[in-house]
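One structure, pasted below without further comment.
The values are calculated or read from the model by the stated rules, or taken from the named source; none is laboratory data. These figures come from a predicted structure and were not determined experimentally. Note: ideal-geometry Cβ built from the backbone for every residue, glycine included; neighbour counts use all protein chains shown.
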Amino acid sequence: KEQILDKYRSMLDEQIIPRLDTMFYNVSIGPITVVPVERDGPWGSYGLSMFYVNLKEPMKRFTFTMMPLTLHEAYPGHHFQDLYSQHFDIPLYRAQPLNGRLYSVPFHFPVYSAYAEGWALYAEYLGHELGLYQEPFELFGRYVSEIFRACRLVVDTGI
């Protein structure tokens, strides 16, 4: 399990973060911590500068989805978007991070997950632009992620 966490950390520190300045300007890189969790649910999630990696049944996890998941949850995905919203004057619907408040009571401001998830999906694509998918298998992982979301869209909207 520690090897899996080390792989996620090295992806961030050695591959992703050093390339961000080729695409984004005047960006401060805030710290993000890779945190192990063991629970039923998604393979990864993000909340308050924490990238949660689900290590329940690690032998059932595919290594080819590690890069798109890291891009989606950390940089340039949800974490990057969260930091950006704290430093710039942007509309509230874009500035409200999800952070588990989607179902909080009382519900102070509506959270539009389409914007946050749309950006995170775009962040997975940016991995290709940044040259991070170096093996065909890693690019396949990105496509698997996109197919999953396309299927979920059909189910969620009842199409």
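Count, please, the residues in the stretch 85-122 that happen to be at pLDDT below 70 and in contact with a Lys or Arg (Cβ under 7 Å, 6 or more places away or on another chain). Lay out the reasoning, then the answer.
Keep residues of the stretch 85-122 that are at pLDDT below 70, which gives 92-112.
Of the ones still in play, those that are also in contact with a Lys or Arg (Cβ under 7 Å, 6 or more places away or on another chain) are 111.
Summing the residues that are at pLDDT below 70 and in contact with a Lys or Arg (Cβ under 7 Å, 6 or more places away or on another chain) in the stretch 85-122 gives 1.
Enumerate the pairs (first residue in the stretch 130-150 and among the polar types (S, T, N, Q); second residue anywhere and part of a helix (DSSP H, G or I)) with beta-carbon separation below 7 Å, excluding pairs fewer than 6 apart on the same chain, so at least 6 apart or on different chains.
Hits for this filter: S145/T65; S145/P68; S145/E124.
Of the residues S28, S10, S49, S45, which single one is among the polar types (S, T, N, Q) and free of Cβ contacts under 8 Å to residues at least 12 places away in the same chain? Before you say what the answer is, go through the steps one by one.
Values: S28 fails: free of Cβ contacts under 8 Å to residues at least 12 places away in the same chain; S49 fails: free of Cβ contacts under 8 Å to residues at least 12 places away in the same chain; S45 fails: free of Cβ contacts under 8 Å to residues at least 12 places away in the same chain.
Only one candidate qualifies: S10.
What residue, of D40, D82, is charged (D, E, K, R), part of a loop (DSSP other than H, G, I, E, B) and at pLDDT 80 or above? Spell out the reasoning first.
Working: D82 fails: part of a loop (DSSP other than H, G, I, E, B).
Criteria check complete, one pass: D40.
All but one of (1) in a loop (DSSP other than H, G, I, E, B); (2) of a type outside the set (D, E, K, R); (3) farther than 12 Å from A74 by Cα hold for P31; which doesn't?
That leaves (3) as the condition not met.
Could you list, in sequence order, all residues of the stretch 52-95 that are in contact (Cβ under 8 Å) with a residue 12 or more places away in the chain and aliphatic (A, V, I, L, M)?
Matches in the stretch 52-95: V53, L55, M66, M67, L69, L71, A74, L83, L92.
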